[in-house]
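Below: one structure, written as structure tokens.
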Amino acid sequence: MVASWKADETRIWDPTCELCEEARFTEWFYEDDLCWVAECDACTVPMVVWRNHGAEPADEIRGHLRSRLTEVMERCFDGRWKFDDRLRTIPGHYHAHARALAWGPEALRRRAN
């Protein structure tokens with residue numbers, strides 16, 4: 001079954017893109033029609049992924065994505081972090097990681113449920 005957002009003719013998606021594929025290899029923390037937040041399978045930190053194949057979302061969309069990642073970080077993690085939206089290994093699809101600001105006891109820690 002094709003996700004409803006993929007049937008939206010105003011959205012762009014690439015069937016060869018691993019982020020467009022939305023494979024659930026890791027834990028997902030959040031999803032809506034614009035994005036999803038999950039643990040990155042490469043670096044094991046939370047990341048938000050735009051549900052549109054493209055590298056430059058509009059400012060209001062970028063704000064929505066950042067807000068969703070912030071909500072997940074506040075709900076599920078302790079520790080100081082920053083947004084990292086430098087597109088390294090998947091340069092054609094916007095996504096942003098929550099990177100710890102420090103190592104050791106100041107690093108990101110998963111909250112107990």
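The values are calculated or read from the model by the stated rules, or taken from the named source; none is laboratory data. Fair warning: this is a prediction, and the values are worked out from it, not measured in the lab. Every residue, glycine as well, gets a Cβ built from its backbone with ideal geometry; the counts of neighbours run over all protein chains shown.
Only residues that are surrounded by 14 or more Cβ atoms within 10 Å (Cβ to Cβ), farther than 17 Å from L19 by Cα and free of Cβ contacts under 8 Å to residues at least 24 places away in the same chain were counted across segment 50-87, and they come to 2. Among the residues of segment 4-47, those identified as in contact (Cβ under 8 Å) with a residue 40 or more places away in the chain and among the hydrophobic types (A, V, I, L, M, F, W, C) are W5, I12, W13, C17, L19, C20, F29, C40, A42, C43, V45, M47.
Please tell me if R75 is part of a loop (DSSP other than H, G, I, E, B), at pLDDT 95 or above, of a type in the set (D, E, K, R) and more than 30 Å from E9 (Cβ to Cβ). In short, no.
Quickly run through segment 41-69 and pick out the residues that are part of a helix (DSSP H, G or I) and over 16 Å from R110 (Cβ atoms). Passing the criteria: D59, E60, I61, R62, G63, H64, L65, R66, S67, R68. In segment 28-48, of all residues being at pLDDT 95 or above and not hydrophobic (A, V, I, L, M, F, W, C), the one that is surrounded by the fewest Cβ atoms within 10 Å (Cβ to Cβ) corresponds to D32. Listed conditions (1) hydrophobic (A, V, I, L, M, F, W, C); (2) touching a residue at least 40 places away in the same chain (Cβ under 8 Å); (3) exposed (fewer than 12 other Cβ atoms within 10 Å of the Cβ) are all met by I90, apart from (3). Of the listed requirements (1) over 22 Å from A100 (Cα atoms); (2) out of contact with any Asp or Glu (no Cβ under 8 Å at 6 or more places or on another chain), E71 misses just one: (1). Filtering segment 13-25 to residues that are farther than 12 Å from I90 by Cα and either under 12 Å from the mean Cα position of the chain (by Cα) or surrounded by 17 or more Cβ atoms within 10 Å (Cβ to Cβ) (or both) leaves W13, E22.
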